[in-house]
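What follows is a short report on a single structure.
The values are calculated or read from the model by the stated rules, or taken from the named source; none is laboratory data. Since the model is a prediction, treat every value here as computed from it, not as a measurement. For neighbour counting, all protein chains shown are included, and Cβ atoms are generated from backbone atoms with ideal geometry for every residue, glycine included. Heads up: the accessible areas ignore ligands, DNA and RNA and are worked out on the full protein's heavy atoms, side chains in. Shrake-Rupley method; radii C 1.70, N 1.55, O 1.52, S 1.80 Å.
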Amino acid sequence: MVLKAIVIDIDGTITNPDRTLDLDVAKKFRELNVPVILSTGNPLCYVHAAAKLIGISGIVIAENGGVVSTGFDSPSIIADGKEECEKAYDLLSQYYELVKLDAAYRKTEVVLNRDVAVEDLRRTVSEHGIDIEIIDTGYAIHIKSSSMNKGTGLVTVAELMGLEPSDYLAIGDSCNDAEMMQVAGFGIAVANADDEARQAAKYMTPASFGKGTLEAIEYAISNGLL
């Protein structure tokens, strides 16, 4: 199996523990002979800026698969689901003090500060019969449609690029990377990964954060995957 592209998370995967970009990773991306697609829970403006600064493809996955960009200056594919997310937020606001993040830029989900227990939020929406997913990535709490994730985003990206999801090496660290790693041809988790990401991965690197991604790429190359 020879993979044709890489799809990779940002926070905790190509960053250092202080969330700064690992410059060695950025340099490595530019040396590769395969496309590198950023996939993140962050809004589109953030991931486009990151891709441009790194010097890689403008085809990106944002908002946990809710938004897929076809390029820096091209139209984006935006999923439905924001209305249900706002409905869930309005309900939860009656019970908890919530702080929205990036509200002006979010097209498909509602994102909250991590100052409330995600289990409590899930229980409350479940008790009120709202079919919504709430995840904690370790950086923010995301209220999102249960029908979209980075895996569905990867399926869309693969179609845009004329590839199959199985043509991608997926690298990540968090629960929101699990579906992406499951549909990809091969999934690697860096050492700081949470339990869901670890379970979805086929290999785990000894190193964490950006250094783990460097190890992931070297592993893929040395094993003939790239």
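Which residues, counting only those in the range 18-64, are in a helix (DSSP H, G or I), under 29 Å from Ile134 (Cβ atoms) and of a type in the set (D, E, K, R)? The one that is in a helix (DSSP H, G or I), under 29 Å from Ile134 (Cβ atoms) and of a type in the set (D, E, K, R): Glu63.
Within the range 157-168, identify whether any single residue is touching a residue at least 12 places away in the same chain (Cβ under 8 Å), within 20 Å of Leu214 (Cβ to Cβ) and either buried (at least 24 other Cβ atoms within 10 Å of the Cβ) or in contact with a helix residue (DSSP H, G or I) (Cβ under 9 Å, 6 or more places away or on another chain) (or both), and answer yes or no. Yes, the range 157-168 contains at least one residue that is touching a residue at least 12 places away in the same chain (Cβ under 8 Å), within 20 Å of Leu214 (Cβ to Cβ) and either buried (at least 24 other Cβ atoms within 10 Å of the Cβ) or in contact with a helix residue (DSSP H, G or I) (Cβ under 9 Å, 6 or more places away or on another chain) (or both). From the list Val99, Val110, Val118, Val125, the one residue that fits, being among the aliphatic types (A, V, I, L, M) and either open to solvent by 50 Å² or more (accessible area, probe 1.4 Å) or at pLDDT below 95 (or both), is Val99.
Each residue in the range 44-57 was checked for being farther than 19 Å from Lys28 by Cβ and touching a helix residue (DSSP H, G or I) at 6+ places or on another chain (Cβ under 6 Å), and 0 of them qualify. Quickly run through the range 65-80 and pick out the residues that are open to solvent by less than 50 Å² (accessible area, probe 1.4 Å) and either out of contact with any Lys or Arg (no Cβ under 7 Å at 6 or more places or on another chain) or hydroxyl-bearing (Ser, Thr, Tyr) (or both). Correct list: Val68, Ser69, Thr70, Gly71, Ser76, Ala79. Residues in the range 203-219 that are free of Cβ contacts under 8 Å to residues at least 40 places away in the same chain and either crowded, with 24+ Cβ neighbours inside 10 Å or touching a helix residue (DSSP H, G or I) at 6+ places or on another chain (Cβ under 8 Å) (or both): Tyr203, Met204, Thr205, Pro206, Ala207. Please count how many residues of the range 65-112 are assigned to a loop (DSSP other than H, G, I, E, B) and not polar (S, T, N, Q). So the count comes out to 20.
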